[in-house]
Amino acid sequence: MVLYFSGTGNSRYAAKKIAEVSGDQIISINQRLKERDYSPVKSEKALVFVGPVYAGRLPKVMEDYIQKVQFEGTSKAYFIATCAQTPWQTVNYVKKLCAKKDFSLLGFQSVVMPQGYVAGGGTQPQEVNKKILKEAEPKIQKIAETIRDRQILPKEKPGSAVMSKFINPLMYSLMISAKGFTVTEKCIGCGKCEQCCPMNNVKLKNNMPVWGTECTHCMACIAGCPEEAIEYGKKTQGKPRYYLEEEAHI
């Protein structure tokens, strides 16, 4: 069973590639969260969790979902992290999560994918993103084949502890907020931002989006807007958006 959480599409893309090769079923944690569905998940094959790196760790909402859900049939698990540069020390927090869930960790691997955190200003032009995605393909394929063959993933050397240990808590306490989101006159009221928010934090009122307080900064609303009508303060103005559509073929 492959379970993924994805804001701008990287982890969804990797998860679907892995599921195609391994022949596994796939579950969107985004959709489960949106539906407030914490029903048990049963799988006889190893669990495969795929998610992005947020300042050196998996997203809190993804960890919270995993902790709340009862997994049946297997205790074996793989964790795959998509990241813009390095997973930092995400693996150490994955090990702690596995200990809480009594999972037997069969390996952790990271895949460098395009930067989707436009609120941080680090997104790249489309041609750069295409190059990064193309370079990621062989590693995703190798990971998928290893999982298909029920082998242990090779160990990666963890990165610096600064981001995972110190910056991550600061990010959640100081930066993770929906207060900065605004909508411009380019909005056409299509509702995609409402549809793609896993936290049900975006609602249309008078055909315009408004934000609540349950934001995880996944960037799905701003990056997925077809009109680029959403901004996050001045941080996103003039910055390229990155959103990998489900039907994308790289």
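In the stretch 91-103 there is at least one residue that is open to solvent by less than 40 Å² (accessible area, probe 1.4 Å) and touching a Ser or Thr at 6+ places or on another chain (Cβ under 6 Å). With respect to L58, determine if the residue is buried (at least 18 other Cβ atoms within 10 Å of the Cβ), under 23 Å from S160 (Cα atoms), modelled with pLDDT of 95 or more and more than 15 Å from the chain's Cα centre (by Cα). No. Please verify whether K130 is of a type in the set (K, R), under 30 Å from Q70 (Cα atoms) and part of a helix (DSSP H, G or I), treating the condition exactly as stated. Spelling it out, it is not the case that K130 is of a type in the set (K, R), under 30 Å from Q70 (Cα atoms) and part of a helix (DSSP H, G or I).
For first residues located in the stretch 14-31 and at positive phi, partners that are open to solvent by 20 Å² or more (accessible area, probe 1.4 Å) and part of a helix (DSSP H, G or I) and lie 6+ apart or on another chain with Cβ distances below 8 Å form the pairs G23/R148.
Selection of the stretch 1-49 for residues being buried (at least 17 other Cβ atoms within 10 Å of the Cβ) and part of a loop (DSSP other than H, G, I, E, B) yields M1, F5, S6, G7, T8, G9, D24, S43, K45, A46.
Looking at the stretch 196-237 only, could you name the residues that are on the phi > 0 side of the Ramachandran plot, open to solvent by 40 Å² or more (accessible area, probe 1.4 Å) and touching a residue at least 24 places away in the same chain (Cβ under 8 Å)?
The initial filter retains those residues of the stretch 196-237 that are on the phi > 0 side of the Ramachandran plot, namely 200, 206-207, 217, 219, 228, 233.
This time we only want the ones that are open to solvent by 40 Å² or more (accessible area, probe 1.4 Å), so: 206-207, 228.
Passing the criteria: only E228.
Pairing residues of the stretch 116-133 that are farther than 15 Å from G9 by Cβ with residues that are of a type in the set (K, R) and part of a loop (DSSP other than H, G, I, E, B), at Cβ distances under 6 Å and at least 6 apart in sequence or on separate chains, gives A119/K235; G121/K235; G121/K239. Residue under question is K203, and the condition is that it be outside any strand (DSSP E or B) and either among the basic types (K, R) or within 19 Å of G51 (Cβ to Cβ) (or both); does it hold? No, not satisfied.
The values are calculated or read from the model by the stated rules, or taken from the named source; none is laboratory data. Quick caveat, the model's predicted, so the values are computed rather than measured. When we count neighbours, we look across all protein chains shown, and the Cβ atoms used for this are built from the backbone with ideal geometry, even at glycine. For accessibility, only protein heavy atoms count, side chains too; no ligands or nucleic acids. Shrake-Rupley method; radii C 1.70, N 1.55, O 1.52, S 1.80 Å.
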